[in-house]
Structures are given as C-alpha cells and as structure tokens.
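Some notes on the structure that comes next.
The values are calculated or read from the model by the stated rules, or taken from the named source; none is laboratory data. Just so it is clear, the model here is predicted, and its values are computed rather than measured. Reconstructed Cβ throughout: ideal geometry from the backbone, glycine too, with neighbour counts over all protein chains shown. Only protein heavy atoms, including side chains, enter the accessible area calculation; ligands, DNA and RNA are left aside. Shrake-Rupley method; radii C 1.70, N 1.55, O 1.52, S 1.80 Å.
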Amino acid sequence: MPDFTREQQHGGRVAGVDEVGRGPLAGPVVAAAVVFGAGVPDDLAAVIDDSKKLKPAVREAIAARLPDVPGIEIGLGAASATEIDTLNIHHAAHLAMQRAVARLPRLPDYVLVDGNKLPSFGCSAEAIVGGDRLSLSIAAASIMAKVVRDRIMARLDVRWPAYGWERNAGYGTVVHREALSSVGVTPHHRKTFGTVRRQIEHLAMEGRA
C-alpha cells in the first residue's frame, strides 16, 4: 500500500502526479496533480491505492471525498486525441501532467511523478517507477485522473454509442474494434494508433474514408 513517506521526506508542498489513458484507441489522456497540504486522514490513507487495483465504486467514493480533505489541492489536465496524434502519446501525456500541475493554486515545492520520465514543471521533481503503489499523493492523483477520464468517455459514449466507451473507456475491445469496422472512425479516435490507422487505410482503399 502507498504511504506518505516520500512527501514527508521532502517537506513543503509536494504534488503527486499521474496520468491515465495512454493505451486506448480513443479519447484524451488525463492527468491529475494532488497536494495533501495538511497530510492524509488515516481512514482515507487506508483505502487509497493504485487506481488500477480499485473497483470503480471505490474509486468514485474516494474521488468524491478528496476535495473535502483539509488542505488538499487538486489540479486536472488533459491532452486531446488530436494533440496525441500531433505530439505522440508520450509527449501528450507529459503535456497533460504539466497542465494538471499548472492548475494547482500555485506551483508546488516538489513533484513526484509516476513513471521513469519527467516533463518540466518549473520546480524540482522526481520520477518514481510504480509510484502509484508507493506514494499516497500519486495514488490519489491516479484515482482522480481515472475517474475523470472514465466520466469523459461515458459522456462521449452518449453521442457515439456503437463503440462501448462507457464500458471500455476507449480501449480496443472486441466491441470497439467491430464498431471501427462497421461504423468507422470518429473525431475522438487516435488516428496514429495502429488499429485506427489501419482502419483508415482500409476505408481509403474502399473509397469510404
């Protein structure tokens, strides 16, 4: 389980940053930055974990509670499918992280990032592989980013229901791939991703692109 050791070691306002949505065929990549300015309540610390390990209902419950934690600061950022195609997913994810940190009330003293690469934040920062399993701030950021992105995909699903985005969050499930073949590519698809790119090429060959 993650703990607050790294944040306490650095002192000051330490932001945990994480992103979700690198792998899907559609939708934005979303990042969150979380600063626990007055620490983490014990009962909340006991349930915060890497968002991938938590059931959706648990993630939603934690995300609903986080804004009410005394001293907390939360920043959210995203990069669109168009930006992903323009920049590539790696740089787009870093852009989303930078936007999340920029939307905090003020620049933190230190940033902890899940992963092995660091974007520039304008302050000292550290990349931690598996950080969402080690740092409570990063884990909380992973939960916020996941909940927000899932909500975005659910809203997009209302307009584009064939792809099953409310259930698959844009990942390449069978339903999603079948809809790509039968319905085609939407403005929210990542056109540089292999599966989508091949479908665009196929439709072009058929004169349907």
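Worth pointing out:
- Solvent-accessible area per residue, Å², over the range 1-109 with all protein chains present [probe radius 1.4 Å]: 44
- Asp43 - accessible surface, heavy atoms, 1.4 Å probe, Å² rounded to 10: 90
- Trypsin sites (Lys or Arg not before Pro) restricted to DSSP loop in the range 3-56 with at most 15 other C-beta within 10 Å: Arg22
- Overall, the accessible surface of the chain at a probe of 1.4 angstrom is composed of carbon and sulfur to the extent of 54 percent.
- Separation in nanometres of the label points that stand 7 Å from Cα toward Cβ, at Asp43 and Asp3: 2.3
- Per-residue 3J(HN,Hα) values for the range 123-132, derived from phi via the Karplus relation 6.51 cos²θ - 1.76 cosθ + 1.60 with θ = phi - 60°, read 8, 5, 8, 9, 8, 10, 5, x, x, 6 Hz in sequence order (x marks Gly and Pro).
- Relative contact order [Cα under 8 Å, 6+ residues apart], the chain, whole percent: 29
- With the Kirkwood sum run over all distinct C-alpha pairs, the range 31-95 has a hydrodynamic radius of 13.7 Å.
- Relative to the current alpha-carbon distance between Ala57 and Leu118, full extension at 0.36 nm per residue lengthens the span by 18.9 nm.
- Taking the range 160-204 and dividing mean pair separation by its residue count, relative contact order in percent (alpha carbons under 8 Å, at least six apart): 27
- Among Trp160, Trp165, the order of accessible area from largest down is Trp160, Trp165, computed with a 1.4 Å probe on protein heavy atoms.
- Using the Cβ-Cβ distance between Leu203 and Thr82 with R0 set to 25 Å, the FRET efficiency from 1/(1 + (r/R0)^6) comes to roughly 0.85.
- Listed residues Lys146, Lys117 arranged by accessible area, highest first, probe 1.4 Å: Lys117, Lys146
- Helix-derived mean residue ellipticity, 222 nm - over the chain, DSSP H n ≥ 4, -39500 (n - 2.57), to 500: -12500 deg cm²/dmol
- Largest-first principal axis extents of the Cα set of the chain (Å): 60, 34, 26
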